[in-house]
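The structure under discussion appears below in the form of structure tokens.
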Amino acid sequence: MKRIAVLLRDRCNPAICNYLCQRLCPVNRSGQDCIIIGEDGKPFIDELLCTGCGICVNRCPTEAIKIVNLPSQLEEDPIHRYGRNGFALYRLLSPQENKVLGVIGRNGIGKTTALKILSGLIKPNLGRENPPGEREIIEKLRGTESQRFIEKLYGGEIRPVYKPQRVELIADMDINVRELLKRVNSNEKEINNIAEVLEISNILDRNVNVISGGELQRVAIAAMALKKGNFYFIDEPSSYLDIRQRVRIARFIRDLSSSSSIVVVDHDLLMMDYMADYIQILYGSPAVYGVVTHLQAAKRGINQYLSGYIEELNIRFRDKPIVFDIGRQEETIRDINILSWQEFSVKKGGFTLDISPGEIRRGEIIVILGENGIGKTTFVESIAEKYSKEITIAYKPQYLEQRDETVLEFLRDAWIYEKQLIQPLGIQHLKNKKLKELSGGELQRVYIAKTLAQEADLYLLDEPSSYLDIEERLELGKIIRDMLAFRDAAAIIVEHDLLLATSLAHRIIVFKGKPAIHGITSNVLSLEEGMNLFLESLSITMRRDQESRRPRINKPESRLDNEQRKQKKYFA
């Protein structure tokens with residue numbers, strides 16, 4: 001059986017174990033060199049000699065070794081590999097002319113690598129140490145849908161434009177937004193037009209190092225569109241954006257596809273379903289290997305991803321399907337109020353938030369919906385400050401501090417919940433890392449564990465799904481519900497992912513008003529009432545998929561969209 005051995009070099013620390021893997025390897029002990037020490041002082045594993053016994057994997061104290069048997073259907077060599085014992089990507093995406101191709105899969109599965117290869121930022125090495133030439137790469141792809149694209153790319157017929165995942169790096173530039181956009185397109189009229197469409201006209205003369213994450217995201221998308229390519233590669237366009245902005249960007253991407261071709265990676269399945277014509281799934285083992293599947297229609301592709309089973313290939317890549325329990329029975333809720341609050345107002349600088357009276361019961365989850373700058377964070381901070389003497393409150397803020405202490409030190413009191421929190425959140429291998437060394441997703445999961453490990457009556461979670469991949473988001477819902485049942489507690493959650501929000505919420509509070517000036521909260525509404533009110537404000541309608549029961553946004557002016565609007569039933 002073909003297998004792959006990967007060493008996560010950032011985790012490997014021989015000072016801790018003194019090369020325990022090499023000393024325990026049965027092949028080494030028989031006199032062969034299966035595990036050797038490289039020039040950088042870290043081990044290398046010979047995949048041909050490795051028997052897959054798992055001893056080094058199970059005994060590595062930093063969980064730095066991954067040895068995985070590849071699917072029997074995967075007979076070819078990788079299209080790209082990050083060095084010996086590095087991550088391997090198998091197969092390429094298949095962009096379609098004047099269509100939106102959506103790419104879905106877990107973090108660390110190769111989605112960004114795939115985008116960078118197609119946009120010409122990475123030249124695939126076919127898994128070799130000596131990189132091949134362009135003709136050899138094209139020959140390797142013969143007979144695949146990707147071959148013609150790569151030929152055009154290397155022949156100069158394709159003008160690729162890449163919008164990177166980490167838009168926050170733009171903030172390091174000492175330049176205002178208008179000047180930044182002029183660097184890619186000097187046409188003032190075009191800059192003003194796209195600024196109006198993306199709602200960044202009011203920040204054109206601000207420095208990029210003072211604008212918000214959501215504004216940075218829209219500036220990056222504007223810069224991408226102004227470059228005038230014929231193929232756009234867009235990595236995570238919904239990050240930092242509120243729901244209204246996500247819908248607006250999804251519409252913008254669809255409009256852009258009328259004159260160009262688009263490949264987009266995103267973790268918001270609702271938005272992906274709304275904007276994509278086709279879907280390609282990446283499956284495999286995060287940080288070890290990823291495999292690109294064949295092209296599918298958007299609905300079928302997303303449903304197959306949720307099922308965890310690729311029917312055409314007879315491959316199951318997840319133990320169980322992801323099921324949406326929207327509208328589930330409320331048996332976990334007890335008719336006992338944990339907290340009631342009266343009408344009050346909060347003023348911060350020039351912003352005022354008017355809060356309507358409400359209450360939350362034991363076992364209940366209330367989700368807050370609203371655009372950025374409308375007072376959602378102000379609300380949860382005010383609840384924490386105003387009622388912390390009446391009940392015990394645990395609060396996870398929106399912005400997370402990257403401290404100089406290790407995860408083990410930070411989660412000192414949380415480690416007793418290893419089975420309930422540490423393992424389900426996948427953070428056990430981070431214990432010796434410092435918080436300032438963690439990625440956005442790792443830091444988010446660590447703070448969630450810290451918050452839910454606290455004994456509290458009420459948990460306040462501000463945007464807990466930020467930086468998490470699709471499966472991590474849906475696993476998060478189960479973790480939250482299980483901990484609330486265990487504590488007989490309740491939660492108020494601020495969330496921008498509507499799919500997760502509708503999966504979590506028993507009831508909803510909708511925020512309206514004028515961002516940065518005045519916010520107003522609704523009363524605590526039922527899931528149906530709250531979603532109907534919120535979707536009406538966005539001017540979109542939603543239905544549930546008959547196969548997977550997941551929420552789906554109706555295409556504008558479609559039969560279902562028109563019918564639901566007539567019935568004033570925006571959430572069906």
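The values are calculated or read from the model by the stated rules, or taken from the named source; none is laboratory data. Bear in mind the structure is a predicted one, so any value in this text is a computation, not a measurement. We place every Cβ from the backbone using ideal geometry, glycine too, and count neighbours over all the protein chains shown. Please note that ligands, DNA and RNA were not included when accessible areas were found on the heavy atoms of the full protein model with its side chains. Shrake-Rupley method; radii C 1.70, N 1.55, O 1.52, S 1.80 Å.
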(message) Checking the structure you have, find out if any residue of the stretch 22-42 is in contact (Cβ under 8 Å) with a residue 40 or more places away in the chain, within 25 Å of Leu430 (Cβ to Cβ) and under 34 Å from the mean Cα position of the chain (by Cα).
(response) no
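To keep it simple, each residue is scored yes or no on (1) within 28 Å of the chain's Cα centre (by Cα); (2) among the hydroxyl-bearing types (Ser, Thr, Tyr); (3) under 19 Å from Gly373 (Cα atoms).
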residue	(1), (2), (3)
Ile170	yes, no, no
Lys182	no, no, no
Ile191	no, no, no
Ile200	yes, no, yes
Val208	yes, no, yes
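Can you tell me which residue in the stretch 78-99 is nearest to Ile35 (Cα to Cα), limited to those that are without any contact (Cβ under 8 Å) to a residue 60 or more places away in the chain and charged (D, E, K, R)?
If we filter the stretch 78-99 for residues that are without any contact (Cβ under 8 Å) to a residue 60 or more places away in the chain, which is where we start, we get 80-84.
Now restrict to residues that are charged (D, E, K, R): 81, 84.
Values: Arg81: 19, Arg84: 12 Å.
It comes out as Arg84.
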(request) Look at Ile374 and say whether it is touching a strand residue (DSSP E or B) at 6+ places or on another chain (Cβ under 7 Å), open to solvent by less than 50 Å² (accessible area, probe 1.4 Å) and at pLDDT 95 or above. (result) no
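Matching residues to (1) buried (at least 21 other Cβ atoms within 10 Å of the Cβ); (2) touching a residue at least 24 places away in the same chain (Cβ under 8 Å); (3) in contact with a His (Cβ under 6 Å, 6 or more places away or on another chain):
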site	(1), (2), (3)
Met275	yes, yes, no
Tyr289	yes, yes, no
Gln296	no, no, no
Gly301	yes, yes, no
Leu306	yes, yes, no
Tyr309	no, no, no
Arg318	no, yes, no
Phe324	no, yes, no
(request) Under 6 Å between Cβ atoms, at least 6 apart or on separate chains: pull out the pairs that start in the stretch 382-405 with a residue that is touching a residue at least 40 places away in the same chain (Cβ under 8 Å) and end on any residue that is among the aromatic types (Phe, Trp, Tyr) and part of a helix (DSSP H, G or I). (result) Lys396/Tyr447; Leu400/Tyr447
(request) Scan the stretch 231-255 for residues that are buried (at least 21 other Cβ atoms within 10 Å of the Cβ) and more than 19 Å from the chain's Cα centre (by Cα) and jot them down. (result) Phe231, Tyr232
(message) Quick test of your reading of the structure: Glu536 fulfils all but one of (1) under 27 Å from Arg362 (Cα atoms); (2) in contact (Cβ under 8 Å) with a residue 24 or more places away in the chain. Name the failing condition by number.
(response) (1)
(request) Quickly run through the stretch 207-228 and pick out the residues that are at pLDDT 90 or above and open to solvent by 70 Å² or more (accessible area, probe 1.4 Å). (result) Lys227
(message) Please go through the stretch 48-67 and give me each residue that is surrounded by fewer than 16 Cβ atoms within 10 Å (Cβ to Cβ) and under 25 Å from Arg91 (Cβ atoms), ordered by number.
(response) Leu48, Gly52
(message) Can you find, within the stretch 68-81, the residue that is nearest to Cys12 (Cα to Cα) among those that are open to solvent by 60 Å² or more (accessible area, probe 1.4 Å) and assigned to a loop (DSSP other than H, G, I, E, B)?
(response) Asp77
(request) Please give the number of the condition Phe44 fails out of (1) over 23 Å from Pro131 (Cα atoms); (2) open to solvent by less than 60 Å² (accessible area, probe 1.4 Å); (3) in contact with a strand residue (DSSP E or B) (Cβ under 6 Å, 6 or more places away or on another chain). (result) (1)
(request) For Leu560, indicate whether it is more than 24 Å from the chain's Cα centre (by Cα), modelled with pLDDT under 95 and of a type in the set (A, V, I, L, M, F, W, C). (result) yes
(message) With the requirement that a residue be open to solvent by 30 Å² or more (accessible area, probe 1.4 Å), closer than 16 Å to Asp10 by Cβ and not polar (S, T, N, Q), what does the stretch 409-439 give you?
(response) His429, Lys431, Lys433, Lys434, Lys436, Glu437
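Yes/no matrix, rows are residues, columns are (1) over 22 Å from Ser439 (Cβ atoms); (2) touching a strand residue (DSSP E or B) at 6+ places or on another chain (Cβ under 8 Å); (3) aromatic (Phe, Trp, Tyr):
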site: Ile109; (1), (2), (3): no, yes, no
site: Pro124; (1), (2), (3): yes, yes, no
site: Asn130; (1), (2), (3): yes, no, no
site: Ile137; (1), (2), (3): yes, no, no
(message) Going by what's in this entry, would Tyr395 be described as of a type outside the set (A, V, I, L, M, F, W, C), crowded, with 20+ Cβ neighbours inside 10 Å and over 22 Å from Asn107 (Cβ atoms)?
(response) no
(message) Against the conditions (1) closer than 30 Å to Val524 by Cα; (2) more than 25 Å from the chain's Cα centre (by Cα); (3) without any contact (Cβ under 8 Å) to a residue 12 or more places away in the chain, where does Gly358 fall short? Just the number, please.
(response) (3)
(message) Could you go through the stretch 305-312 and let me know if any residue there is in contact with a Lys or Arg (Cβ under 7 Å, 6 or more places away or on another chain) and in a helix (DSSP H, G or I).
(response) yes
(request) Name the single residue, out of those in the stretch 3-21 being touching a residue at least 12 places away in the same chain (Cβ under 8 Å) and part of a helix (DSSP H, G or I), that is most open to solvent (accessible area, probe 1.4 Å). (result) Ile16
